[in-house]
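Before any comments, here is the structure.
The values are calculated or read from the model by the stated rules, or taken from the named source; none is laboratory data. Remember, predicted model here, so these are calculated numbers, not experimental data. When we count neighbours, we look across all protein chains shown, and the Cβ atoms used for this are built from the backbone with ideal geometry, even at glycine. Surface accessibility is based on the protein's heavy atoms, side chains included, excluding ligands, DNA and RNA. Shrake-Rupley method; radii C 1.70, N 1.55, O 1.52, S 1.80 Å.
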Amino acid sequence: MIETRLLHYFLAVAREQSITRAAEALHVTQPTLSKQMMDLERQLDVQLLVRGKKQVTLTDEGAYLRNRAQEMLDLMEHTEAALRDEGETAGGDVYLGCGETRIMEFVVDIFAHLREDHPNMRLHLHSGDADAVMERLDKGLLDFGLLLGPLHHEKFDYLDLGMSDVYGLLMPRDCALAEQKSIPLDDLRDLPLIFPNQPYSGHQRLDWFGADFESLNIVATYNLLTNATFLVEAGLGYAFCIDGLVSTDGNRNLTFRPLDPLMTVGLSIAAKKYRVLSPPAKLFLDQLREAVRKHGRAG
């Protein structure tokens, strides 16, 4: 069993790329830290560090441990916080993973109302695509994931939010295409497109295109739409994206047009099955359920 202290030490060395600088940051002596790292390597029976004259670099095994060590420490911190808050919902942490969606306004509004009664509650957001969010959910690093589309997996329970996002194209406001109120789906084949990474790489491939997906002219891909907007303004293509993620009312040369027929994607909150939630996370989920029920009744 690796001591938590050694993981902290190792991550400091990996971050500083120097045992001397890491020792200073940790307030321990350089010989002590050097010995601790050699003991860790002996314990795992692998070389983790390549010790050069000017800096320390990680071996492949060291890079692997760096990633896993951070996940282990995050999980331990998450678990300890949940135990401290057991029986006390007035404070505590809620961990939520999410992609880019305007529905975050709905989720954040619920948390804001919770904070009025429980001012010590804290929300920790982790942004990423569905694969990254579900991986962190599976490892226990997140309480919930806000997911787009039909990504149901037997490991998780889902709360359908009864809401959807609208897909379309983000384009320069002064381009000829912006004169149309909507963009026919068939017209996409003739346009240079800037596509989100996940559908492009084959994960969560959108069913609307079918076999025609391969015929699309994709000139660039993106992970975060904010960066893709600069490609759009430069005239490199039209960004296939969700409405409401980028302001089109300001000085930037951007506007959004939906597709025809209308393309929408549903949203849900996912949580790992059989996981016992911390009191703050359970309270947050209860409030989500109640808000979804009221939203459905109002609709």
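Annotations
- The chain - convex hull of alpha carbons, volume per residue in Å³: 203 Å³
- Charge context of Gly250, other residues only, Cβ under 15 angstrom, K/R +1, D/E -1: -1
- Heavy atoms of Val265 accessible to a 1.4 Å probe, total area in Å² rounded to 10: 10 Å²
- Residues Thr248, Thr226, ordered by accessible area of protein heavy atoms at a 1.4 angstrom probe radius and largest first, appear as Thr226, Thr248.
- The chain: relative contact order in percent, alpha carbon pairs under 8 Å with at least 6 residues between: 22 percent
- Highest mobility in the GNM of the chain, judged by mean-square fluctuation with C-alpha springs under 10 Å and restricted to Gly149, Gly52, Gly97, is found for Gly52.
- For the chain, the dipole from Cβ point charges (+1 on Lys and Arg, -1 on Asp and Glu) about the Cα centre works out to 740 debye, to the nearest 20.
- Residue with peak Gaussian network fluctuation, the chain [Cα springs, cutoff 10 Å], from Asn217, Asn67, Asn251: Asn251
- GNM top mover of Tyr238, Tyr64, Tyr222 - the chain, alpha-carbon springs below 10 Å: Tyr64
- Cα-based Lys pair tally, the chain, threshold under 22 Å, eight or more apart or on separate chains: 12
- Only protein heavy atoms count here; on that basis, with a 1.4 Å probe, Phe10 has an accessible area of about 0 Å².
- Count Lys and Arg as plus one, Asp and Glu as minus one, and take only other residues whose Cβ is under 10 Å from that of Leu137; the net charge is then +2.
- Antiparallel DSSP beta bridges within the chain, percent to nearest 5: 55 percent
- Using a probe of 1.4 Å on the protein chains alone, the accessible area found for Asp286 is around 60 Å².
- Amide H contacts under 5 Å for Met163, placed H, 5+ residues apart: Leu267
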